[in-house]
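Colleague: Structure in structure tokens, see below.
The values are calculated or read from the model by the stated rules, or taken from the named source; none is laboratory data. Bear in mind that the values here come from a model prediction, so they are computed numbers and not experimental data. Cβ placement follows ideal geometry from the backbone for every residue including glycine, while neighbour counts extend to all protein chains displayed. Note: areas computed on protein heavy atoms with side chains; ligands, DNA, RNA excluded. Shrake-Rupley method; radii C 1.70, N 1.55, O 1.52, S 1.80 Å.
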Amino acid sequence: MKNECSIVLDLLPLYVEGMVSEDTAAFVEEHLEHCPACAAEHSAMKEEKSEGEEREKEQEEQAAQALVKVKKKLRHRALKIAAVTAACAAALMVLLHFFPLYRLLQVQGVSSYYSSGEIAQLLYIGSSADRTAAQAVLRQADEAFHDCRHTREENEEAYGPLARYATPADRGASFVNHSLELWSAYLDDSEGTLWVCYTYEAFDGEGNIVAGSRKVPSLWKVQKNEKGEWAVESIKEHP
Ligand SMILES: [Zn+2]
């Protein structure tokens with residue numbers, strides 16, 4: 001019996017793990033039925049095994065919970081970063097709207113033609129009151145841009161310095177497309193300057209372009225007349 005006990009005790013760890021053949025399992029089970037010492041050893045081993053499994057399961061659960069926490073934190077952080085990025089982008093857009101430094105690049109090629117004071121006016125779009133007042137001048141220019149039915153003299157009579165944007169009838173244009181953007185407006189009580197940028201294309205009846213310019217920066221000196229209306233006094237534009 002002693003000899004069989006030592007064999008069974010050797011086999012027990014494998015038996016508990018279910019790693020023995022059927023015959024061996026039957027041999028071990030039969031021995032356990034008749035040997036309280038080995039049976040006690042077997043129950044102790046079984047208990048230890050189930051405790052170990054429980055601990056393992058607990059650890060896995062804790063690890064899973066920790067992972068969920070980390071994922072939540074990361075998601076929060078990603079949302080925070082996205083919100084901050086969006087806020088920065090919005091702030092940058094607002095900043096670029098009021099302080100459109102990039103326009104310096106658009107006049108870069110012709111900047112030596114203008115004074116540093118004139119260039120500096122591009123750094124800020126101007127007050128909203130000045131920009132509103134400037135709209136009246138832009139509407140006069142719109143009229144000139146659209147006009148392709150009159151002679152040079154008639155245009156000069158009608159539009160003054162803005163006549164250069166009208167297409168004289170002898171060019172044979174039948175319609176004009178144009179865009180005119182106010183870049184900045186600086187006005188005092190009676191005079192001021194506007195930076196504008198324009199594009200125009202004049203077409204004949206068959207749709208061929210007979211005249212045009214693209215994205216031309218232009219500096220307009222404006223004055224207020226006796227009636228309190230703003231009008232362009234002179235235009236400074238790189239030839
Ligand atoms: Zn035994």
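Colleague: Using just the helices of the chain, give the 222 nm mean residue ellipticity in deg cm²/dmol: DSSP H runs with n ≥ 4 each add -39,500 (n - 2.57), and the total is spread over all residues, rounded to 500. Could the numbers behind the result be given before it?
Modeller: Numbers: 7 runs with 127 residues, N = 239.
It comes out at -18000 deg cm²/dmol, rounded to the nearest 500.
Colleague: Report the relative contact order of the chain, percent, no decimals, based on alpha-carbon pairs under 8 angstrom and at least 6 residues apart. Before the final figure, lay out each step's value.
Modeller: Details: 287 pairs, mean separation 27.5, N = 239.
Computed value for the chain: 12 percent relative contact order.
Colleague: Over what distance in Å are the Cα centres of the stretch 116-138 and the stretch 1-65 separated?
Modeller: 90
Colleague: Also, I was wondering about something else. Pulled fully out, how much extra length does the chain show between Ser43 and Thr132, if you take 0.36 nm times their separation in residues and subtract their Cα-Cα distance?
Modeller: Working it through step by step, the gained length comes to 22.7 nm.
Colleague: Continuing with this model, one more query. Give the cross-link partners of Lys215 among the aspartates and glutamates, using a straight C-alpha distance below 13 Å as the criterion and excluding same-chain residues fewer than 8 apart.
Modeller: Within the straight-line cut-off, Lys215 pairs with Glu181, Glu201, Glu237.
Colleague: A further question follows. Choose one answer from Glu54, Glu191, Glu157: the residue with the largest mean-square fluctuation in a GNM of the chain with alpha-carbon springs under 10 Å.
Modeller: Checking each option, the largest mean-square fluctuation is seen for Glu54.
Colleague: In whole Hz, what ³J(HN,Hα) sequence does the stretch 44-56 give by Karplus (6.51, -1.76, 1.60; θ = phi - 60°), x for Gly and Pro?
Modeller: Rounded to whole hertz, the list is 4, 5, 5, 5, 4, 5, 5, 4, x, 5, 5, 4, 4.
Colleague: Does anyone have the angle between helix 22-34 and the longest principal axis of the chain? Alpha-carbon axes, 0 to 90°, nearest 10?
Modeller: With both axes taken from Cα atoms, the answer is about 60 degrees.
Colleague: Across the stretch 80-97, in residue order, what do the Karplus-derived ³J(HN,Hα) couplings come to in whole Hz, using 6.51 cos²θ - 1.76 cosθ + 1.60 with θ = phi - 60° and x for Gly and Pro?
Modeller: 4, 4, 4, 5, 5, 4, 5, 5, 4, 4, 5, 4, 5, 5, 4, 4, 5, 5
Colleague: Considering the chain, what Rg and Dmax in Å follow from its alpha-carbon atoms?
Modeller: Gyration radius and largest Cα-Cα distance of the chain: 44.3, 133 Å.
Colleague: If you don't mind, there's one more thing I want to ask. What list of ³J(HN,Hα) couplings, whole Hz, do you get for the stretch 165-176 from phi and the Karplus terms 6.51, -1.76, 1.60, once you set θ to phi - 60° and write x for glycine and proline?
Modeller: Result, rounded to whole Hz: 8, 7, 9, x, 4, 5, 7, x, 7, 10, 7, 10.
Colleague: Next up: Which of Gln135, Leu32, Tyr15 sits farthest toward the positive end of the charge dipole of the stretch 1-135, with +1 on the Cβ of Lys and Arg and -1 on the Cβ of Asp and Glu?
Modeller: The listed residue farthest towards the positive side: Gln135.
Colleague: A further question follows. So how do Lys72, Lys80, Lys236 rank on accessible area, 1.4 Å probe, biggest first, that is with the largest at the start?
Modeller: The most accessible residue leads, giving Lys80, Lys72, Lys236.
Colleague: Follow-up. Anyone know which of Gly207, Gly117, Gly18 comes out most mobile in the 10 Å Cα GNM of the chain?
Modeller: Residue with maximal mean-square fluctuation among Gly207, Gly117, Gly18: Gly18.
Colleague: Another question, if that's okay. In a Gaussian network model over the chain where Cα atoms closer than 10 Å are linked, find which of Thr85, Thr24, Thr193 has the largest mean-square fluctuation.
Modeller: Highest fluctuation among the options: Thr24.
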